[in-house]
Amino acid sequence: MTESAAPFITPEQDGTKGRYVAIVSGIAEPAELTFSIVNEHLINADHTGVPDSMRGMGVGKLLVERLVADARSKQVKIIPLCPYVKAQYQKHPEWSDVFQG
């Protein structure tokens, strides 16, 4: 991915629901990773969606990396309900400190 194509990722939260939104310059539709807050120590990673126009750019993985970084900083655990998040967790044993299940 070129520097100019690097996504800009922002978190959004409304009550117990939230998402990370990735925007890539020149692509209208954003990618997202949604989550639900279970309690102050636990979140569910619910869904990852990447539009076809972003496929192969690594945007989904970047969304999961941001989720992991924020979970570490907030000292919360992630339950990977989303198959993509679960697959990334299985590929990255160094993330085991923030995943549950």
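Laboratory data are not the source of any read-out in this text; all were calculated from the coordinates shown. Computed from a predicted structure; not experimentally measured. Ideal geometry is used to build each Cβ from the backbone, glycine not excepted, and the neighbour counts take in all protein chains shown.
Assorted remarks:
- Residues of region 71-101 that turn out to be touching a residue at least 24 places away in the same chain (Cβ under 8 Å) and of a type in the set (Asp, Glu), as a count: 1
- Selection status of LYS17, touching a Leu at 6+ places or on another chain (Cβ under 6 Å), surrounded by fewer than 20 Cβ atoms within 10 Å (Cβ to Cβ), farther than 15 Å from ALA6 by Cβ and in contact (Cβ under 8 Å) with a residue 12 or more places away in the chain: no
- The set of residues in region 64-82 that are in a helix (DSSP H, G or I) and under 12 Å from the mean Cα position of the chain (by Cα) comprises VAL64, GLU65, ARG66, LEU67, VAL68, ALA69, ASP70, ALA71.
- Here VAL24 does not fit the description of being buried (at least 20 other Cβ atoms within 10 Å of the Cβ) and under 13 Å from the mean Cα position of the chain (by Cα).
- Complete set of residues in region 20-59 that are free of Cβ contacts under 8 Å to residues at least 12 places away in the same chain and assigned to a strand (DSSP E or B): ASN39
- Checked against the criterion of being within 16 Å of TYR20 (Cα to Cα) and in contact with a helix residue (DSSP H, G or I) (Cβ under 8 Å, 6 or more places away or on another chain), the candidates VAL59, VAL68 yield just one match: VAL68.
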